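Only one structure is covered here, and it is reproduced in the block below.
No value in this document is a laboratory result; all are computed from the given coordinates. Nothing here was measured: the structure is a model prediction, and the numbers come from that model. Glycine also receives a Cβ, built like all others from the backbone with ideal geometry; neighbour counts cover every protein chain displayed.
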Amino acid sequence: MVEAVRRDVARNDDVLGRPRLSGPVDEALLAVPRHLFVPDELQLLAYENRALPIGLGQTISQPTIVALMTDLLELAPTDTVLEVGTGSGYQAAVLATVLPQGYVHTIEIVTDLALSARKRLVRLGYDNVKVHTGDGYRGRPEHAPFAGIMVTAAAERVPQALIDQLRPGGRLVMPLGPQGDTQWLTVLEKLPDGVLTRRVVLPVRFVPLTGEVEGR
Ligand code: SAM
C-alpha cells in the first residue's frame, strides 16, 4: 500500500511541491495498522490503495488522500490539530502518529461511528486523540487555536468558524465543491498577519459534510 501511495505522490509532485511525502507522514502510513480500522469482512482489502465502506453510508478515505491531506498541513510534532469527520479513526491515528508530542481533536456527527472510533483508538493506545461526538461545523472553540484543521467531508464553502479557529501561520485542508460531482482539495493558509491564501490542489470525491452546513 505504501509503495502505491509513494508512486501516486511522485506522479502528482505539484501537490506537495516535491515528489515524496515528508518522513513523518511516510512513517505514519507504515506504522498505522489500517486493517484494524475497516470492517472484518474487508480486512483483505485494507492495504489496497482505495477508499472502503465503513458502514452507515460512510467511507475510510483512500490512503493517498490521507497521506496528501496530512502532509499538506505541514505540521510540527508538538502541534494541536482538529479533524472534522472521524469516520473509522484511521486519519486521526495517522495524525496522532505524526504528532508524538501534539494532540488531535476529532469530531464525528454519526454517534455510532464516534463511539466505535473512540473505542478503537483507546484500544490501540492512541492517547493523544480525543473523539468528540457532534457536528463539526462550528469546530471546537474551547480547544482553539489549531495549527492545522482537516475536514474529511465535502462542502461548497469552508465554515467560517473553522477559519476563525485556525492559528496565524496555520493551514486548513478540505474538499470543496458540489455533491455528486468532482470536488477540489483546497488548502487555506492563514498568514501571520491574518490574511488568507487559497490553493486548489487536486480533484477528489468525498461524502458530504452534513448537519448545520446543509441549512446554509
Ligand atoms: N477520516 C475518516 C477516516 O479516517 O475513516 C473518513 C471520513 S469519511 C470520508 C467522512 C466522515 O465525516 C463521515 O464519517 C461522516 O459521518 C462525517 N461527517 C459528515 N458531516 C460531519 C459534520 N458536520 N461533523 C462531523 N463529522 C461529519
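Observations
- Test result for LEU185, in contact (Cβ under 8 Å) with a residue 24 or more places away in the chain and within 14 Å of the chain's Cα centre (by Cα): yes
- Inclusion of VAL207 among residues that are among the aliphatic types (A, V, I, L, M), surrounded by 17 or more Cβ atoms within 10 Å (Cβ to Cβ) and in contact with a His (Cβ under 9 Å, 6 or more places away or on another chain) is not warranted.
- The residues listed here are PRO24, PRO39; of these, the one that is touching a Pro at 6+ places or on another chain (Cβ under 8 Å), surrounded by 12 or more Cβ atoms within 10 Å (Cβ to Cβ) and within 25 Å of LEU209 (Cα to Cα) is PRO39.
- Verdict on LEU82 being within 16 Å of the ligand (Cβ to nearest atom), out of contact with any strand residue (DSSP E or B) (no Cβ under 6 Å at 6 or more places or on another chain) and at negative phi: no
- Residues that are on the phi > 0 side of the Ramachandran plot and more than 10 Å from the ligand (Cβ to nearest atom) within segment 36-79 comprise just one, GLU74.
- Those residues of segment 15-50 which are touching a residue at least 12 places away in the same chain (Cβ under 8 Å) and more than 19 Å from the chain's Cα centre (by Cα), in sequence order: PRO39
- Taken over segment 99-115, the residue count meeting the criterion of being in contact (Cβ under 8 Å) with a residue 24 or more places away in the chain and either touching a Lys or Arg at 6+ places or on another chain (Cβ under 6 Å) or within 14 Å of the ligand (Cβ to nearest atom) (or both) is 10.
- Residues in segment 92-131 that are more than 19 Å from ALA28 (Cα to Cα) and in a strand (DSSP E or B): 3 in all.
- Test: ASP135 is surrounded by fewer than 19 Cβ atoms within 10 Å (Cβ to Cβ) and in contact with a strand residue (DSSP E or B) (Cβ under 9 Å, 6 or more places away or on another chain): yes
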